[in-house]
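Remarks on the structure that follows.
The values are calculated or read from the model by the stated rules, or taken from the named source; none is laboratory data. Quantities reported herein were computed from a predicted structural model and do not represent experimental measurements. Every residue, glycine among them, receives a Cβ derived from its backbone with ideal geometry; neighbour counts consider all protein chains shown. Quick note on the areas: whole protein, heavy atoms, side chains included, nothing else; ligands and nucleic acids left out. Shrake-Rupley method; radii C 1.70, N 1.55, O 1.52, S 1.80 Å.
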Amino acid sequence: MVHNDFIACEVCGTIINLRIQMGSYDIPIRFHCPKCETRIDGKVVIEPYKIDISDANPISTKVEECYSVELSAEFPTRKIKYKKIKEAELTPFIRNLTFYTNDKNSYEFTQESMRFADFLVEDWDVIKQNYRLLLNRQFKLLYPRLEKLSKLFDFIPIKNVKNELDAATINHQVLLTISGVVTVLGGNTLSSYMELNQKIFKADKGKIEQLIKFVVDEEINLDEIEKKMISLIDSFSTVYEQLIPVISLRNANNLEQLDKDEYGISIASFEELSDFYAKSYEWILANIGIIVALNNIVARNDYNKCINGKSLSDFNNLTKGSKLNSPCLSLDEPFSKPIASLRTILRNAIQHFDSEINYQTQIITFKNQKRSEELFLIEFANLCIDNFSIMFYLLEVVYSLRKIKLINSGIAPTISDLKKDDILPKKRSKIGRNEPCFCGSGKKYKKCCIGKG
């Protein structure tokens, strides 16, 4: 169902048709008047239906032709255009069906993308509290909470929480499983991250010792990394509903086929998206040394030995902005591949306030010294999702390092009698191949990280 309402710009009086696709979520209003470029902001409230708007006034007068803006929280929309009101036009909902192979795909991809939005509203606060209790070592408060939570889900093998490793495992499993984040990351992305991290656990004793040495020598503060990650998920939660149309299309592998000159995402705020992009980019750059160290350990058996004869110390001494182009880092090495989407020019332009958007065309111009680059808003939104994906990749890495560190300190999970050296190949005989893997995945040992090595 589409609502047709009319507003008039307070500054120049231009009449604008709001073509509103009714759906599950309230719809932000943010566009510029096509005549005087006054910023018009507001919200369409779905239940009960009303329009709250600034710098424009709702009017009852209907016209035969005027500028028209499509609004939808769930689907791509066509961009602002001048049209005859009686001109036949597909609704955003019906048009969205044409972007997919069939009606079922369109509905399913959209519904799956909305699952994470529901999680953020309904469950994120509880999960966030549990993470903060863990990172602040409030174990007396945390363990009973996690035991109650674990009893709700059969996939969690730990029912009696006795130590920090148990708590970290439950937190991680719950976040990845009930949140719907798998849909946000898309396809088999999370599985590929987990498989990549299995390289950490499948490593020989010397590499495991290098991992522990790296965490200790470089004073890697895993708690601080995760605390900032939690804050970034909070930031992402404020923009997530703007990204639902993009996530649906990218999961269907149809985003590249969308005619971006004609269609986009009318509800997205470049200002809000760029704030998340900049924050997430800085966090990724701050922790990218971990990726370099993992490549060094797996490929060269020494966390400090980079490619091209460089050292991790050389890399850490670089400015953030130059790290991606450093000879210490190769995107061809296995742990670097998930960060390939990072774009230095965008980060620099946002940091130096040298970017601007035309909301009519939805084209963003990023400037960096003498260079410039243009992206459609929907393309920039896609890069924000890529950054979110890299965040979860690093979260997987940090989780793996935390497990190794805890097991090395003598803490064993309660689902087995393993000791700290059981992460090494020579100790594997202590676990039956059909028993649960001690990493907490719930999979049989023979099918999980170490068991496959």
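Determine whether ASN130 is open to solvent by 10 Å² or more (accessible area, probe 1.4 Å), more than 29 Å from ASN251 (Cα to Cα) and among the polar types (S, T, N, Q). No; evaluated as a whole, the condition is false for this residue. Kindly indicate the residue of the stretch 13-55 that is over 18 Å from TYR67 (Cβ atoms) and in contact with a His (Cβ under 9 Å, 6 or more places away or on another chain) and also surrounded by the most Cβ atoms within 10 Å (Cβ to Cβ) among those meeting that condition. Ranking the candidates gives MET22 first.
Just one of the listed residues (LYS199, LYS140, LYS213) is more than 28 Å from ASP302 (Cα to Cα), open to solvent by 30 Å² or more (accessible area, probe 1.4 Å) and of a type in the set (Lys, Arg), namely LYS140. The criterion of being assigned to a loop (DSSP other than H, G, I, E, B) and either touching a residue at least 60 places away in the same chain (Cβ under 8 Å) or not charged (D, E, K, R) (or both) holds for GLU74.
Looking for something touching a Cys at 6+ places or on another chain (Cβ under 7 Å) and not basic (Lys, Arg) - is there at least one such residue anywhere in the stretch 198-215? Yes, there is a match, as at least one residue in the stretch 198-215 is touching a Cys at 6+ places or on another chain (Cβ under 7 Å) and not basic (Lys, Arg). The residues listed here are CYS328, CYS306; of these, the one that is farther than 26 Å from LYS367 by Cα and without any contact (Cβ under 8 Å) to a residue 24 or more places away in the chain is CYS306.
When ASN188 is tested against the conditions (1) touching a Leu at 6+ places or on another chain (Cβ under 6 Å); (2) closer than 20 Å to GLU396 by Cβ; (3) without any contact (Cβ under 8 Å) to a residue 24 or more places away in the chain; (4) not β-branched (Val, Ile, Thr), the lone failure is (1).
Scanning the stretch 336-377 for residues that are open to solvent by less than 60 Å² (accessible area, probe 1.4 Å), outside any loop (DSSP other than H, G, I, E, B) and without any contact (Cβ under 8 Å) to a residue 60 or more places away in the chain turns up SER336, ILE339, THR344, ILE345, ASN348, ALA349, ILE363, THR365, PHE366, ASN368, GLU373, LEU375. Residues that are under 26 Å from HIS172 (Cα atoms), open to solvent by 10 Å² or more (accessible area, probe 1.4 Å) and without any contact (Cβ under 8 Å) to a residue 24 or more places away in the chain do occur in the stretch 230-237, at least one of them. Filtering the stretch 314-333 to residues that are closer than 26 Å to LYS202 by Cα and open to solvent by 40 Å² or more (accessible area, probe 1.4 Å) leaves LEU331, ASP332. Residue count for the stretch 149-180 satisfying the condition of being under 15 Å from ILE127 (Cα atoms) and touching a Phe, Trp or Tyr at 6+ places or on another chain (Cβ under 6 Å): 4. Can you name every residue in the stretch 47-71 that is of a type in the set (S, T, N, Q) and part of a loop (DSSP other than H, G, I, E, B)? Passing the criteria: SER60, THR61.
When we screen SER191, SER179 for residues that are open to solvent by 20 Å² or more (accessible area, probe 1.4 Å) and either under 26 Å from the mean Cα position of the chain (by Cα) or farther than 17 Å from THR414 by Cβ (or both), the only hit is SER191.
Quick grid of which residues meet (1) hydrophobic (A, V, I, L, M, F, W, C); (2) touching a Ser or Thr at 6+ places or on another chain (Cβ under 9 Å); (3) at pLDDT 90 or above; (4) open to solvent by 20 Å² or more (accessible area, probe 1.4 Å):
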| position | (1), (2), (3), (4) |
| --- | --- |
| PHE93 | yes, yes, yes, yes |
| LEU97 | yes, yes, no, yes |
| THR110 | no, yes, no, no |
| ASP125 | no, no, yes, yes |
| LEU146 | yes, no, yes, no |
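What pairs can you find where one residue is in the stretch 81-103 and free of Cβ contacts under 8 Å to residues at least 40 places away in the same chain, the other is surrounded by fewer than 16 Cβ atoms within 10 Å (Cβ to Cβ), and their Cβ atoms are less than 6 Å apart, with a gap of 6+ or different chains? Hits for this filter: LYS84/GLU65; LEU97/ASP103.
With respect to ILE423, determine if the residue is open to solvent by 10 Å² or more (accessible area, probe 1.4 Å), within 28 Å of ILE297 (Cα to Cα), aliphatic (A, V, I, L, M) and at pLDDT below 90. If you could, list the steps in order and put the result at the bottom.
On the way: open to solvent by 10 Å² or more (accessible area, probe 1.4 Å): no; within 28 Å of ILE297 (Cα to Cα): yes; aliphatic (A, V, I, L, M): yes; at pLDDT below 90: yes.
So ILE423 does not fit the description; no.
A Cβ distance below 6 Å, combined with a sequence gap of six or more or placement on separate chains, defines the contacts here; from the stretch 269-281, residues that are touching a residue at least 24 places away in the same chain (Cβ under 8 Å) reach residues that are of a type in the set (Ser, Thr, Tyr) and part of a helix (DSSP H, G or I) in the pairs PHE276/SER235; LYS279/SER235.
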